[in-house]
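Asks: Before I ask anything, here is the structure I am working with.
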Amino acid sequence: DREWMLVLATNGELEGIEGELRKWLADAGGDEQVICEAWVNGLAKRGRLIEAGLVLDAWERDFPDDPQPHVRWGRIREHLRQKADAESEYRKALEKDPDCHFAAYALARILLERKAAKESLRY
């Protein structure tokens with residue numbers, strides 16, 4: 001049931017399960033990041049970006065070494081056409097984990113769009 005609810009959350013089908021997600025976060029037992037990722041993805045799909053930001057802020061605060069909150073922020077910033085902010089988020093993710101492949105790819109893509117081909121090759 002829990003895995004199915006996470007799938008629903010990821011797909012933006014949040015009606016009736018957000019209370020459950022909150023409970024799980026209070027007593028996740030090591031699954032906090034998985035729950036946050038599913039919830040943020042679902043909130044973003046629904047256009048509930050302010051709420052997604054609140055979850056991302058808590059995720060980053062509770063797991064300061066995890067690059068994924070920055071990756072998710074970067075994706076949201078790109079969606080909002082805030083490329084400079086997205087670039088900054090991807091760089092933060094890579095500072096925390098130089099092997100974060102999604103952040104490296106996304107950063108390289110943004111740099112290519114800015115015509116910074118030499119720097120994009122680095123990523």
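Asks: Would you confirm whether or not region 58-69 contains a residue that is out of contact with any His (no Cβ under 9 Å at 6 or more places or on another chain) and farther than 30 Å from S120 by Cα? Write out each step before concluding.
Replies: Residues of region 58-69 that are out of contact with any His (no Cβ under 9 Å at 6 or more places or on another chain), as a first pass: 58-59, 61-69.
Checking which are farther than 30 Å from S120 by Cα leaves us with 58, 62.
There is at least one residue in region 58-69 that is out of contact with any His (no Cβ under 9 Å at 6 or more places or on another chain) and farther than 30 Å from S120 by Cα.
Asks: Going through region 61-71 one residue at a time, which ones are modelled with pLDDT under 95 and assigned to a helix (DSSP H, G or I)?
Replies: Listed by number, the residues that qualify are R61, D62.
Asks: List, please: which pairs have Cβ atoms under 8 Å, are six or more places apart or on different chains, and start with a residue in region 103-123 that is open to solvent by 20 Å² or more (accessible area, probe 1.4 Å) and end with one that is among the basic types (K, R)?
Replies: Listed pairs, sorted by first residue: E113/K83; R114/K83.
Asks: Within region 71-90, can you find the residues that are open to solvent by less than 60 Å² (accessible area, probe 1.4 Å) and among the small types (G, A, S)?
Replies: G74, A86, S88
Asks: Let me ask something additional. Does W24 fit the bill of being open to solvent by less than 20 Å² (accessible area, probe 1.4 Å) and within 23 Å of R2 (Cα to Cα)? Full working, then the answer.
Replies: Numbers: open to solvent by less than 20 Å² (accessible area, probe 1.4 Å): no; within 23 Å of R2 (Cα to Cα): yes.
Judged against the criteria, W24 is not a match.
Asks: Now a separate question. Anything in region 1-48 that is part of a loop (DSSP other than H, G, I, E, B) and in contact with a helix residue (DSSP H, G or I) (Cβ under 8 Å, 6 or more places away or on another chain)? List them, or say none.
Replies: Here is the first cut: in region 1-48, the ones part of a loop (DSSP other than H, G, I, E, B) are 1, 11-17, 27-31, 46-48.
Result: N11, G12, E13, L14, I17, A28, D31.
Asks: Please go through region 27-70 and give me each residue that is open to solvent by 10 Å² or more (accessible area, probe 1.4 Å), β-branched (V, I, T) and under 15 Å from V7 (Cα atoms), ordered by number.
Replies: V34
Asks: A follow-up question, please. Can you go through A93, A117, A84, A106 and tell me which one is within 20 Å of Q33 (Cα to Cα) and of a type outside the set (S, T, Y)?
Replies: A93
Asks: Being more than 26 Å from G29 (Cβ to Cβ) and charged (D, E, K, R) narrows it down to one residue among R72, R109, R61; which is it?
Replies: Residue meeting the stated conditions: R109.
The values are calculated or read from the model by the stated rules, or taken from the named source; none is laboratory data. What you see is a predicted model; the values in this text were computed from it and never measured. Glycine gets a Cβ as well: all are built from the backbone with ideal geometry, and neighbour counts include every protein chain shown. Quick note on the areas: whole protein, heavy atoms, side chains included, nothing else; ligands and nucleic acids left out. Shrake-Rupley method; radii C 1.70, N 1.55, O 1.52, S 1.80 Å.
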